[in-house]
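Everything below concerns the one structure shown next.
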Amino acid sequence: QVHIVESGGGVGQPGGSLSLSCTASGSIFQIHSQGWYRLAPGKEREWVSTIRTDTVANYAGSVKGRFTISIDQRKNSVYLEMANLEPEDTAVYYCSSLIQPHGRPKRREHWGQGTQGMVSS
């Protein structure tokens, strides 16, 4: 069984910063990529950023230049540094990890429970 746990978030001011962390644990054979999605009130789930284990990263246009994703493969962890925050960044942020578990032939998405990030003055 694979477990995904997010931490961080909280409340940040417009123009400020917030940090998110996510760690995968359990019966992991291989991690292909890790990333972040967010769900804002009244909106559909939005992809934010993904980083592969070869460190190639991609960002949604709405956060490019403001958010930075990084990984620590030794810790099976992914991080999201959110800078120059905007009110529209308020959302629950979910970590998604594409993982092949031990004993399974295929990789699949594993999700965390989400962590709140709020931008407010």
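Counting each pair of different Cα atoms once, what's the Kirkwood radius of region 1-69 in Å, rounded to one decimal?
13.8
Once the Cα atoms of the chain are picked out, what are the Rg and Dmax in Å?
14.1, 49
Stretch residue 17-residue 54 to full length: gain in nm at 0.36 nm per residue minus the Cα-Cα span?
Full-extension gain reported as 10.7 nm.
Select from 91, 51, 14 the residue farthest towards the positive end of the dipole of the chain; place +1 on Cβ of Lys and Arg, -1 on Cβ of Asp and Glu, and compute about the Cα centre.
Value computed over the given set: 51.
Once neighbouring chains are kept in place and the probe is 1.4 Å, which whole percent of the accessible area of region 1-118 is contributed by carbon and sulfur?
47
What number comes out for the charge environment of residue 121, summing +1 per Lys or Arg and -1 per Asp or Glu over other residues with Cβ under 15 Å away?
Overall, the nearby charge balance is -3.
Sequence-distant or interchain residues sharing an amide H contact under 5 Å with residue 116, placed H: which?
Answer set, sorted by chain and number: 10, 93.
Would you give the gap between the C-alpha center of region 5-46 and the C-alpha center of region 82-121, rounded to a whole Å?
Going from one Cα centre to the other spans 3 Å.
Please list, ordered by chain and number, the residues whose modelled amide H lies under 5 Å from the amide H of residue 96; skip anything fewer than 5 residues away on the same chain.
35, 36, 37
What are the ³J(HN,Hα) values, in whole Hz, obtained from phi via the Karplus relation 6.51 cos²θ - 1.76 cosθ + 1.60 with θ = phi - 60°, for each residue of region 59-73 in sequence order, with x given for Gly and Pro?
9, 5, x, 5, 10, 4, x, 10, 9, 10, 9, 8, 10, 10, 5
So how strong a dipole does the chain carry about its Cα centre when Lys and Arg Cβ are +1 and Asp and Glu Cβ are -1, to the nearest 20 debye?
480
Most fluctuating residue of 87, 41, 14 in a GNM of the chain with Cα springs under 10 Å: which is it?
Looking only at 87, 41, 14, the largest GNM fluctuation is found for 41.
Could you please report the charge total around residue 48, scoring K, R as +1 and D, E as -1 over all other residues with beta-carbon less than 11 angstrom from its beta-carbon?
+2
Measuring with a 1.4 Å probe in the full set of protein chains, what accessible area per residue, in whole Å², belongs to the chain?
It amounts to 55 Å² per residue over the chain.
When only C-alpha pairs under 8 Å and at least 6 residues apart count, what is the relative contact order of the chain, in percent?
Dividing the mean separation by the residue count of the chain yields 37 percent.
Only loop residues by DSSP count here, and only those with at most 14 other Cβ atoms within 10 Å; note down the trypsin sites (Lys or Arg not before Pro) in region 33-121 that meet that.
Passing both the DSSP loop test and the Cβ count: 43, 45, 64, 106.
The values are calculated or read from the model by the stated rules, or taken from the named source; none is laboratory data. Computed from a predicted model, the values in this text were never measured in an experiment. Cβ atoms come from the backbone with ideal geometry, glycine included; neighbour counts cover every protein chain shown. The area values use the complete protein model at the heavy-atom level, side chains included, leaving out ligands, DNA and RNA. Shrake-Rupley method; radii C 1.70, N 1.55, O 1.52, S 1.80 Å.
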